[in-house]
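S.K.: Provided herewith is a single structure, encoded as C-alpha cells, for subsequent inquiry.
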Amino acid sequence: APLRRKNLASLLGRVKPGDRVLDLGCKYGEISALVAEKAERVIAVDHDASALEKARATYPAKNLEFIHADAFEVLEREKAPVDLVILSHILEHLEKPEEMLVRLKAHATHCYIELPDLDASYLNHYRHLAGAKLQYTDNDHIWEFDRDALREVVEQAGWRIIDSEYRYAVQKHWCGHG
C-alpha cells in the first residue's frame, strides 16, 4: 500500500540488504513483507495463528517466515543476534515493556519502536489537566506513552534513541545500544 510505505519510509530507509529482522507482533504481515523486500531474512512472529495463516497466504516471499510462537523462544533458537527488532504497536500492550526491551538487547543490535503519540492528542491533554481518564487508542492498551515517558522507558532498558519521527499521531523511534 503506497500510504503504508510512505508512513514507514523512516524504517525502510534504514533496512540494509544483509539485515536479519524480527518483526514481533506482526499480525497480518504487512510491515514484515515491506521489510522483506530489502532485508536478507525476516522472521515474523505473532500469537494469533489465524492472522499468521492469512499473512502466509498473502505474502509468500522466500526470505519471510511467519511463526506462531513466543518471540524469545524464536530468538533463542537463532545462532546469531538479529540486526533489527520491529516493535510496531507492541509496547503499549505489554504489562512490563521495559523488561521486554532489556531482554531484546541480548538478541538485537537495533530496535524500531512505533506506537501512538499521546502528545498528539489534544483531547488527552485536557483529560490529563482535568484529572480524567485518558482515552486509549485501543481497548487492550495497558500503557499510553507520551514522548518523555517512552524515552525514559527506552533509556532505562539500556537502549539509546538514535532518531525519532512524530507524524500521523504516531511516534517512531530508531534505537540502538552499546
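S.K.: Go through Val42, Val74 for me and flag whichever is modelled with pLDDT of 95 or more and either touching a helix residue (DSSP H, G or I) at 6+ places or on another chain (Cβ under 9 Å) or β-branched (Val, Ile, Thr) (or both).
M.R.: Details: Val74 fails: modelled with pLDDT of 95 or more.
Being modelled with pLDDT of 95 or more and either touching a helix residue (DSSP H, G or I) at 6+ places or on another chain (Cβ under 9 Å) or β-branched (Val, Ile, Thr) (or both) holds for just one of Val42, Val74, which is Val42.
S.K.: Just name the residue that is most open to solvent (accessible area, probe 1.4 Å) out of those in segment 52-72 that are under 23 Å from Pro17 (Cβ atoms) and small (Gly, Ala, Ser).
M.R.: It comes out as Ala61.
S.K.: Here are some residues: Leu75, Leu91. Which one is within 24 Å of Ser10 (Cα to Cα) and either surrounded by 20 or more Cβ atoms within 10 Å (Cβ to Cβ) or of a type in the set (Phe, Trp, Tyr) (or both)?
M.R.: Working: Leu75 fails: within 24 Å of Ser10 (Cα to Cα).
The unique qualifying residue is Leu91.
S.K.: Read through the list (1) surrounded by fewer than 19 Cβ atoms within 10 Å (Cβ to Cβ); (2) within 19 Å of His173 (Cα to Cα), then give the number of the only condition that Lys38 fails.
M.R.: That leaves (2) as the condition not met.
S.K.: Any chance segment 95-108 includes a residue that's under 21 Å from Asp140 (Cβ atoms), in a helix (DSSP H, G or I) and open to solvent by 80 Å² or more (accessible area, probe 1.4 Å)?
M.R.: Yes; the residues of segment 95-108 include at least one that is under 21 Å from Asp140 (Cβ atoms), in a helix (DSSP H, G or I) and open to solvent by 80 Å² or more (accessible area, probe 1.4 Å).
S.K.: Here are some residues: Leu52, Leu34. Which one is touching a strand residue (DSSP E or B) at 6+ places or on another chain (Cβ under 8 Å) and part of a helix (DSSP H, G or I)?
M.R.: Details: Leu34 fails: touching a strand residue (DSSP E or B) at 6+ places or on another chain (Cβ under 8 Å).
One residue alone meets the criteria, Leu52.
S.K.: Condition test on Asp48, is it closer than 16 Å to His89 by Cβ and surrounded by fewer than 17 Cβ atoms within 10 Å (Cβ to Cβ)? Spell out how you get there, then give the answer.
M.R.: On the way: closer than 16 Å to His89 by Cβ: yes; surrounded by fewer than 17 Cβ atoms within 10 Å (Cβ to Cβ): yes.
For Asp48, the condition - closer than 16 Å to His89 by Cβ and surrounded by fewer than 17 Cβ atoms within 10 Å (Cβ to Cβ) - is met.
S.K.: Ok, one more. Somewhere in segment 47-70, is a residue of a type outside the set (S, T, N, Q) and closer than 18 Å to Arg151 by Cα?
M.R.: no
S.K.: Quick check on my filter: what residues within segment 153-164 are open to solvent by 40 Å² or more (accessible area, probe 1.4 Å) and touching a residue at least 60 places away in the same chain (Cβ under 8 Å)?
M.R.: Within segment 153-164, just Asp163 meets the criteria.
S.K.: How about segment 57-75: which of its residues are touching a residue at least 24 places away in the same chain (Cβ under 8 Å) and in a helix (DSSP H, G or I)?
M.R.: Scanning segment 57-75 gives Thr58, Ala71, Phe72, Val74, Leu75.
S.K.: While we're on this one: What number of residues within segment 128-152 are at pLDDT below 75 and either within 22 Å of Ala9 (Cα to Cα) or open to solvent by less than 60 Å² (accessible area, probe 1.4 Å) (or both)?
M.R.: The first filter runs over segment 128-152 and keeps only residues at pLDDT below 75, leaving 128, 132-139.
Adding the requirement that they be either within 22 Å of Ala9 (Cα to Cα) or open to solvent by less than 60 Å² (accessible area, probe 1.4 Å) (or both) leaves 132.
Summing the residues that are at pLDDT below 75 and either within 22 Å of Ala9 (Cα to Cα) or open to solvent by less than 60 Å² (accessible area, probe 1.4 Å) (or both) in segment 128-152 gives 1.
S.K.: Only one of these conditions is not met by Pro17: (1) under 16 Å from Leu64 (Cα atoms); (2) surrounded by 12 or more Cβ atoms within 10 Å (Cβ to Cβ). Which number is it?
M.R.: Failing condition for Pro17: (2).
The values are calculated or read from the model by the stated rules, or taken from the named source; none is laboratory data. Given the structure is predicted, the values throughout are model-derived calculations rather than measurements. Neighbour counts run over all protein chains shown; Cβ positions are idealised from the backbone, glycine included. Each accessible area value is taken on the protein alone, full model and side chains, heavy atoms only, with ligands, DNA and RNA left out. Shrake-Rupley method; radii C 1.70, N 1.55, O 1.52, S 1.80 Å.
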